[in-house]
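S.K.: Okay, handing you the structure first.
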Amino acid sequence: MAIAALWQTPAMLPLRVLTVFLHEVSHAAMTLLTGGEVVSLTVDPYEGGMVVSRGGSRFLTLTAGYTGSLLIGSTLFVIALRTDWDRKVLAIFGVLTLAVAAFYVRDLFALGFSVATGALMLAASRYISLNINDMILRVIGVSSMIYAPLDLWDDTIARSHLHSDARMMAEELGGATMLWGGIWLAISLGVIWLTLRHGLGRTSNIPLRSPIRIMR
């Protein structure tokens, strides 16, 4: 709740840029998985981002931006709540971030951001306690999950004239911008509900109901 309430404040800017980075990484990953080539990946301090690519499935690569970052967030959140893999996962996350920076990032801000983020993740996984690593994964996971519906509503429904993924999908593959935005929004809300339902519970780090205790 605190993340959602503070989402538009300056304090959350690094986290918002990270969610944009995950969005662009999802585009890039799907491009590679469908046989395409990623030329470059960038994010900027104004929360914009772009992937330049060749080939691959246009339908899947456009869809992967929101759905991919949503699934990354969901996975990190469940791992944080249900396992003690936090250090290993954060370290892998850091290595992958540095790999993306090395292979695909060219401009100064995006390079600095991705290298700093990857290095901080590796340092946290090595030197900071398991509980803090757990909290880092939860925060990134929740942020990436809430980014999808908030940005979808803002960029594809409230302001459907913007040159968003949904707009490109409509222009290149048919349908309306609001249609694609609405479909992705419904998917994002469904995935968030399933994630919270599965992630929270009696065996998680944050049980839905506290155990009943009798005090005398």
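S.K.: On the basis of being at pLDDT below 95, crowded, with 18+ Cβ neighbours inside 10 Å and touching a strand residue (DSSP E or B) at 6+ places or on another chain (Cβ under 7 Å), does Gly55 make the cut?
M.R.: The answer is no for Gly55.
S.K.: I'd like to know if segment 139-152 contains one or more residues that are loosely packed, with under 15 Cβ neighbours inside 10 Å, assigned to a helix (DSSP H, G or I) and not small (Gly, Ala, Ser).
M.R.: No: zero hits.
S.K.: Would you point out the residue of segment 21-40, among those that are crowded, with 24+ Cβ neighbours inside 10 Å and among the β-branched types (Val, Ile, Thr), that is farthest from the chain's Cα centre (by Cα)?
M.R.: The extreme case among them is Thr31.
S.K.: Among (1) more than 29 Å from Thr83 (Cβ to Cβ); (2) modelled with pLDDT under 75, where does Trp180 come up short?
M.R.: Condition (2) is where Trp180 drops out.
The values are calculated or read from the model by the stated rules, or taken from the named source; none is laboratory data. Owing to the predicted nature of the structure, the values given are computational and were not obtained by experimental measurement. A quick note on method: Cβ atoms are made from the backbone with ideal geometry, for glycine too, and the neighbour counts reach across all protein chains shown.
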